[in-house]
Amino acid sequence: MDVQFWTYLLVGLTFALYIGIAIWSRAGSTSEFYVAGKGVPALANGMATAADWMSAASFISMAGIISFAGRDGSVYLMGWTGGYVLLALLLAPYLRRFGKFTVPDFIGDRYYSRTARLVAVFCAIFISFTYVAGQMRGVGVVFSRFLEVEVETGVVIGMVIVLFYAVLGGMKGITYTQVAQYCVLIFAFMVPAIFLSIQMAGNPIPQLGFGGTTPGETVSLLSKLDGLSEELGFNRYTEGVKPTVDVFFITAALMCGTAGLPHVIVRFYTVKKASAARNSALWALLLIAILYTAAPAVAVFARTNLLNTVKDANYKDLPSWFGNWENTGLIAWEDKNGDGKIQYTGRGPAFEKMPDAPKALPAFQEDEQGEKVRGSVGQRLLKNTPTDNDNELYIDRDIMVLANPEIGKLPNWVIGLVAAGGLAAALSTAAGLLLVISTSVAHDLVKTTFAPNMSEKQELIWARGGAAVAVVVAGYFGIKPPGFVAEVVAFAFGLAASSFFPAIILGIFTKRTTMQGAVAGMVVGLLFTASYIIYFKFPQLIDSLGIPTMANTTENWLFGISPEGIGTLGMLLNVVVAVIVSRVTPAPPQEVADIVEKVRYPRAALGEGEEG
Amino acid sequence: MSDSAKKVSKDARDRYWRSNLKWLAGLLSVWFLASYGCGILWVDALDKITIPGTGFKLGFWFAQQGSIYVFVVLIAIYVVVMNRLDKQLLEGKGEQ
């Protein structure tokens, strides 16, 4: 049976499952809509958190990024898992004891200020929107690659599904669909990983396999890959080229950002008590770690397979996946020396970027009928100007996961499974983010700020309406992605790290931090981080303001820290400002000291019943 | 029982919070050493060692595998420790 059949079957089955769960777990109250009635078991919440957290980027792109970056890719592995230690130890249990529904709730009450709450709401909505647009795009991309529908159609199908279960079920519906989505995505990621590990290392456990040796050879996989990379002019795979200071700061920004992301934090409001919040953080990281420790193995297998396949190969003799992915535009080959063979080297991109493109992406020639124009051996011809180095090949890093089953000659059902897994990863994250947006609008803005006397029924209508509008806006961004989205997603972390994260930590661990201190800290951290990122990432904008621009390179960066890592410095600034301002402003009122007491100890220790 | 009788003494609560902070300091130090230490700052030095029987250079392994395993273990330890501290605090209530 062919790939199409399997893909339709597996995607159809999983979608039917998600819809079934949504109908079964409709939300009846605001508490169920926002936090699933606070009755989610720790293991289920761990699975939901893991699915919520692992997005299209984790599933599709991360192994590919590592595969091209080698050891420098470790920042994502450590950054996106290490944050859970901070969550479990410093945030989740305390926020759960505080109760209520959202991060802005905590910020607003702890810092006895509507301004602080509004700053937090603004951050939450901004971070979630930048993030969700990328997810909807991911849904569209998976649909277009595997089911051969237009990206737009794919996005609309995704929107309808998410709309259905997010609007109907709220957090309760999302939680139980995410449990199912976790199972689908982890299975879909691990099956090809295990197949490849057996093929290439004779070991069914990928985490061990990539440190092994291909049966019948004497040199380990990693040394072989190092040698092969060096031979082709790439860096040795297991050695880094990024400066240590930058690696340090990027990792810290990703860790603290992870711990400060509102859609992750809110998951810990859904369990029964603080100890369950700790337990579910443990489950979440354990379940996430399965994928995150397998991803670097997949990266090594895929990279080795790829280099071995294309190295000095005749274009005509290449396996069919090469042509298939060339047709979708994720592979491009410019036969510079006209020998009909692929030369793939690390001495620079194969072609110049098009004048209107942000980076060197391939632009293919088409005739008047829109048909692909092909060269002497059947390759697609490009409009881009060739560069003068000897590299002829462009490969999009996303295909390292998507094409892996084909490259590894795995059975067709595995390919269909990867499609279903990619969709599960994108949909689960999108739903979690949409819920944060709808909660922020209905609960934090409308109810708390503008209409405190609203009935629960009305609030629920606002929440459902907010979710519906957010889905449509996110879908629109998915179909017509504004150029800045891709650039901005990575910075959601920097912004979360420099705003929420320190404010919450200081709020729990100090009693002296005042409203003025926290607001000043958040504003300074956010402004500093945002301006640094905008300065280096959007030079046209800076130029139009009449400010002299500088290239986004190491020499120009402050202390050698890239825009990706600057959130860490923003966070330190936030803390320093918050502490200094708090010292010179009047101490917080007694109610605040009571809130801090309340989050530090189990509820029973304060004589407040069994919960907590 | 009235609310005040259920309440744990301030001393006991302070002790609970101090042990929590001590554990946090200890666990976060390990967190820092495993990731920022072994995975970033000393990675090149550790790379001179290869884990016997495998192709893993030690620094590379810490950066892409070991640190993540350490994170999981750290949370597991914290879960156990805090459950014990919670229990001690609540069972010891009313002793003073």
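The values are calculated or read from the model by the stated rules, or taken from the named source; none is laboratory data. These numbers were taken from a predicted model, which means no experiment stands behind them. Please note: Cβ atoms are built from the backbone with ideal geometry, for glycine as well, and neighbour counts cover all protein chains shown.
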All but one of (1) away from chain B (no Cβ under 13 Å); (2) closer than 26 Å to A:Lys359 by Cβ; (3) surrounded by 16 or more Cβ atoms within 10 Å (Cβ to Cβ) hold for A:Thr568; which doesn't? (1)
Being touching a Lys or Arg at 6+ places or on another chain (Cβ under 8 Å), surrounded by 24 or more Cβ atoms within 10 Å (Cβ to Cβ) and within 13 Å of chain B (Cβ to nearest Cβ) is the filter here; which residues of the stretch A:54-74 pass it? A:Ser67, A:Gly70
Specify the residue that is surrounded by the fewest Cβ atoms within 10 Å (Cβ to Cβ); the eligible residues are those in the stretch A:267-309 that are of a type in the set (Gly, Ala, Ser) and under 23 Å from A:Thr102 (Cβ atoms). A:Ser275
Could you check the stretch B:50-96 and list, in sequence order, the residues that are in contact (Cβ under 8 Å) with a residue 40 or more places away in the chain, crowded, with 18+ Cβ neighbours inside 10 Å and not in a helix (DSSP H, G or I)? B:Lys93
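Yes/no matrix, rows are residues, columns are (1) closer than 25 Å to A:Thr238 by Cα; (2) within 14 Å of chain B (Cβ to nearest Cβ); (3) not β-branched (Val, Ile, Thr):
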residue: A:Ile288; (1), (2), (3): yes, yes, no
residue: A:Ala295; (1), (2), (3): yes, yes, yes
residue: A:Val298; (1), (2), (3): yes, yes, no
residue: A:Leu307; (1), (2), (3): yes, no, yes
residue: A:Lys311; (1), (2), (3): yes, no, yes
residue: A:Asp335; (1), (2), (3): no, no, yes
Matching residues, the stretch B:48-65, being within 7 Å of chain A (Cβ to nearest Cβ) and touching a strand residue (DSSP E or B) at 6+ places or on another chain (Cβ under 7 Å): B:Phe56, B:Lys57
Cβ pairs under 8 Å, 6+ apart or interchain, first in the stretch A:589-611 and within 13 Å of A:Phe98 (Cα to Cα) and surrounded by fewer than 16 Cβ atoms within 10 Å (Cβ to Cβ), second modelled with pLDDT under 75 and aliphatic (A, V, I, L, M), ordered by first then second residue, are A:Glu597/A:Leu606
Matching option when the condition is of a type in the set (A, V, I, L, M, F, W, C) and within 20 Å of A:Ala252 (Cα to Cα), among A:Phe528, A:Phe538: A:Phe528
Unmet criterion (only one of (1) free of Cβ contacts under 8 Å to residues at least 12 places away in the same chain; (2) away from chain B (no Cβ under 12 Å)) for A:Leu89: (2)
Restricting the stretch A:251-276 to residues that are farther than 18 Å from A:Phe501 by Cα and in a helix (DSSP H, G or I), the residue that is farthest from the other protein chains (Cβ to nearest Cβ): A:Ala276
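Going by the conditions given, is A:Lys409 at pLDDT below 85, in a loop (DSSP other than H, G, I, E, B) and either β-branched (Val, Ile, Thr) or out of contact with any strand residue (DSSP E or B) (no Cβ under 9 Å at 6 or more places or on another chain) (or both)?
On the way: at pLDDT below 85: yes; in a loop (DSSP other than H, G, I, E, B): yes; either β-branched (Val, Ile, Thr) or out of contact with any strand residue (DSSP E or B) (no Cβ under 9 Å at 6 or more places or on another chain) (or both): yes.
Yes.
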Mind checking whether some residue in the stretch A:538-554 is closer than 30 Å to A:Val579 by Cα and among the hydrophobic types (A, V, I, L, M, F, W, C)? no
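Of the residues B:Ser9, B:Ser19, B:Ser29, only one is over 14 Å from the mean Cα position of the chain (by Cα), among the hydroxyl-bearing types (Ser, Thr, Tyr) and more than 8 Å from every other protein chain (Cβ to nearest Cβ); which? Spell out how you get there, then give the answer.
Values: B:Ser19 fails: over 14 Å from the mean Cα position of the chain (by Cα); B:Ser29 fails: over 14 Å from the mean Cα position of the chain (by Cα).
Selected residue: B:Ser9, the only one of B:Ser9, B:Ser19, B:Ser29 that is over 14 Å from the mean Cα position of the chain (by Cα), among the hydroxyl-bearing types (Ser, Thr, Tyr) and more than 8 Å from every other protein chain (Cβ to nearest Cβ).
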Among the candidates A:Ser582, A:Ser562, which residue alone is surrounded by 12 or more Cβ atoms within 10 Å (Cβ to Cβ) and outside any helix (DSSP H, G or I)? A:Ser562
Single residue of the stretch B:1-43 satisfying the filter (exposed (fewer than 14 other Cβ atoms within 10 Å of the Cβ) and modelled with pLDDT under 90) that is nearest to A:Arg600 (Cα to Cα): B:Asp14
Of the conditions (1) touching a residue at least 24 places away in the same chain (Cβ under 8 Å); (2) part of a loop (DSSP other than H, G, I, E, B); (3) of a type outside the set (Val, Ile, Thr), A:Gln369 clears all except one; give me its number. (1)
Within the stretch A:341-351, does at least one residue satisfy the condition of being within 27 Å of the chain's Cα centre (by Cα), at pLDDT below 85 and part of a loop (DSSP other than H, G, I, E, B)? no
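Against the condition over 30 Å from A:Lys38 (Cα atoms) and touching a residue at least 60 places away in the same chain (Cβ under 8 Å), how does A:Phe195 come out, does it pass?
Working: over 30 Å from A:Lys38 (Cα atoms): yes; touching a residue at least 60 places away in the same chain (Cβ under 8 Å): yes.
Here the answer is yes, as A:Phe195 does meet what is asked.
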Residues (over 17 Å from A:Val160 (Cα atoms) and at pLDDT below 85) located in the stretch A:416-441: A:Val436, A:Ile437, A:Thr439, A:Ser440, A:Val441
How many residues does the stretch A:408-439 contain that are surrounded by 21 or more Cβ atoms within 10 Å (Cβ to Cβ) and either under 30 Å from A:Gly370 (Cβ atoms) or within 18 Å of the chain's Cα centre (by Cα) (or both)? 22
